[in-house]
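Trainee: Take this structure first; my questions come after.
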């Protein structure tokens, strides 16, 4: 690699770091499905915040300020457990995207249809065309470097997530102050407590991983001006924005739209349509749809570039064929970005035009949860291990409480993620498949998508190592 690549001008500050995380985590798509739970949605959010959002935020801040290196998750896990574990962790984050990309692309295309012609959402050619324009357009932005990608994400998350989310909250407050009937039972502390039973057990993984992505800023370590001070502040700012907008936005929909009218299948824009009818603001739906599309693209952009940068660092160290370490003049991992765009395109093509693939896609979607859980279990284990193996490394942010604190924070995060992994091995209600058939299928699929690093390391050659600077 060249000296030029290692001496890039550092361009990212606190706000840019916060927007990278907000873009990766905050999604308006979750509002209607969580609003179904009324007041108990607060309880579910608190569970997700305590067991995952706070632990991941604190763990990522300590790891990023102690080891502000390119590669994010790869660099942190490698420091704790070595090359193989680091490679597996980042590969899980990258490979889960390959089957997740078509779902967010389909969401973007169907949302845009609300601004054009809702019937287009049932047109395969329209869906595929929009999905490809967005996918390859976002890939092009990623190829222009981290500075361009960060600016794009900041604009997208402000225009497409923060502004619409704030609008929904403001309308909800207006609705309540105007004296209109609240579409929920009277508030009580008991109403906030989630119902825990065998039917809601699979929902735990959804709630926990609703805040997945808080580590995304770590992939941009080499671009941060003052990582030791900016990372903790950026992480705190993003966590506050995510929690406040998520909780208040969900409650706003619950207050205005009758709970019986909300269902997971209705979709985000249909829920917003019912929401705006209460204010006689139906004309706002089309502009709101365009803003939500921008938010979806920002979400896509964050996950598209982050893990790709991590995989590029893996290749820089000679653990993958040299083609994967190729970068353009902007420092973007060209081969990795193009490869994932090609694979994502093929899966999107199958998903849109082959019904049998679409009907089986729920299995592939469930695999993304399992792969993410593996990556996060590594992160939580790494923050604990490094406190013991490298205690003298300076961390400008350190999880408070000493040994007890690190075990509580890292342990809670690890256990919550491990529980989510186990829960995801069980078929959800309505699936016509036995546990004995489903669980091996999921474990084999996870192994296929998680363990290619073992093959790369087995075939590793000295020629894979890029020329030293």
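The values are calculated or read from the model by the stated rules, or taken from the named source; none is laboratory data. It should be emphasised that the depicted structure is a prediction, and the values quoted were computed from it without experimental measurement. Methodologically, a virtual Cβ is constructed for each residue, glycine included, from the backbone with ideal geometry; neighbour enumeration extends over all protein chains shown.
Trainee: Has the stretch 340-349 got any residue that is touching a strand residue (DSSP E or B) at 6+ places or on another chain (Cβ under 8 Å) and touching a residue at least 24 places away in the same chain (Cβ under 8 Å)?
Mentor: Restricting attention to the stretch 340-349, the residues satisfying the condition of being touching a strand residue (DSSP E or B) at 6+ places or on another chain (Cβ under 8 Å) are none.
No, because not a single residue in the stretch 340-349 is touching a strand residue (DSSP E or B) at 6+ places or on another chain (Cβ under 8 Å) and touching a residue at least 24 places away in the same chain (Cβ under 8 Å).
Trainee: For residue 68, state whether it is closer than 22 Å to residue 217 by Cα, touching a helix residue (DSSP H, G or I) at 6+ places or on another chain (Cβ under 9 Å) and either modelled with pLDDT under 90 or outside any helix (DSSP H, G or I) (or both).
Mentor: Details: closer than 22 Å to residue 217 by Cα: yes; touching a helix residue (DSSP H, G or I) at 6+ places or on another chain (Cβ under 9 Å): yes; either modelled with pLDDT under 90 or outside any helix (DSSP H, G or I) (or both): yes.
Yes, satisfied.
Trainee: Can you say whether residue 208 is more than 17 Å from residue 72 (Cα to Cα), modelled with pLDDT under 80, in contact with a helix residue (DSSP H, G or I) (Cβ under 8 Å, 6 or more places away or on another chain) and in a helix (DSSP H, G or I), as far as the supplied structure shows?
Mentor: So residue 208 passes the test.
Trainee: Then there's this: So for the stretch 2-23 (the condition being under 19 Å from residue 420 (Cβ atoms), at pLDDT 85 or above, in a helix (DSSP H, G or I) and within 18 Å of the chain's Cα centre (by Cα)), does at least one residue qualify? Outline the logic, then answer.
Mentor: Here is the first cut: in the stretch 2-23, the ones under 19 Å from residue 420 (Cβ atoms) are none.
Scanning the stretch 2-23, I find no residue that is under 19 Å from residue 420 (Cβ atoms), at pLDDT 85 or above, in a helix (DSSP H, G or I) and within 18 Å of the chain's Cα centre (by Cα), so the answer is no.
Trainee: Contact list please: Cβ distance under 9 Å, first residue in the stretch 285-306 and in contact (Cβ under 8 Å) with a residue 24 or more places away in the chain and at positive phi, second residue surrounded by 24 or more Cβ atoms within 10 Å (Cβ to Cβ) and not in a helix (DSSP H, G or I), pairs at least six apart or on different chains.
Mentor: That search, which allows pairs on different chains as well, returns nothing.
Trainee: Right, something else. Quick check on residue 258: is it surrounded by fewer than 24 Cβ atoms within 10 Å (Cβ to Cβ), under 23 Å from residue 89 (Cβ atoms) and touching a residue at least 60 places away in the same chain (Cβ under 8 Å)?
Mentor: Working: surrounded by fewer than 24 Cβ atoms within 10 Å (Cβ to Cβ): yes; under 23 Å from residue 89 (Cβ atoms): no; touching a residue at least 60 places away in the same chain (Cβ under 8 Å): yes.
No: the conditions fail for residue 258.
Trainee: Do the conditions hold for residue 295, that is, is it out of contact with any strand residue (DSSP E or B) (no Cβ under 9 Å at 6 or more places or on another chain), buried (at least 17 other Cβ atoms within 10 Å of the Cβ), modelled with pLDDT of 90 or more and in a helix (DSSP H, G or I)?
Mentor: For residue 295, the condition - out of contact with any strand residue (DSSP E or B) (no Cβ under 9 Å at 6 or more places or on another chain), buried (at least 17 other Cβ atoms within 10 Å of the Cβ), modelled with pLDDT of 90 or more and in a helix (DSSP H, G or I) - is met.
Trainee: Let me ask another. If I filter the stretch 71-82 down to residues being assigned to a helix (DSSP H, G or I) and buried (at least 22 other Cβ atoms within 10 Å of the Cβ), which single residue comes out as farthest from the chain's Cα centre (by Cα)? Don't jump to the end; show me each part of the working.
Mentor: As a first pass, look at the stretch 71-82 and keep what is assigned to a helix (DSSP H, G or I): 73-81.
So of that shortlist, the ones also buried (at least 22 other Cβ atoms within 10 Å of the Cβ) come out as 73-78, 80.
Values: 73: 14, 74: 17, 75: 19, 76: 18, 77: 19, 78: 22, 80: 24 Å.
It comes out as 80.
Trainee: Answer yes or no as to whether residue 455 is over 18 Å from the mean Cα position of the chain (by Cα), at pLDDT 90 or above, part of a helix (DSSP H, G or I) and crowded, with 20+ Cβ neighbours inside 10 Å.
Mentor: Working: over 18 Å from the mean Cα position of the chain (by Cα): yes; at pLDDT 90 or above: yes; part of a helix (DSSP H, G or I): yes; crowded, with 20+ Cβ neighbours inside 10 Å: no.
No, not satisfied.
Trainee: Still on this structure, please answer the following. Within the stretch 393-407, track down each residue that is touching a residue at least 24 places away in the same chain (Cβ under 8 Å) and under 25 Å from the mean Cα position of the chain (by Cα). Walk me through how you get there before you give the answer.
Mentor: Step one: filter the stretch 393-407 for residues touching a residue at least 24 places away in the same chain (Cβ under 8 Å), giving 393-399.
Result: 397, 398, 399.
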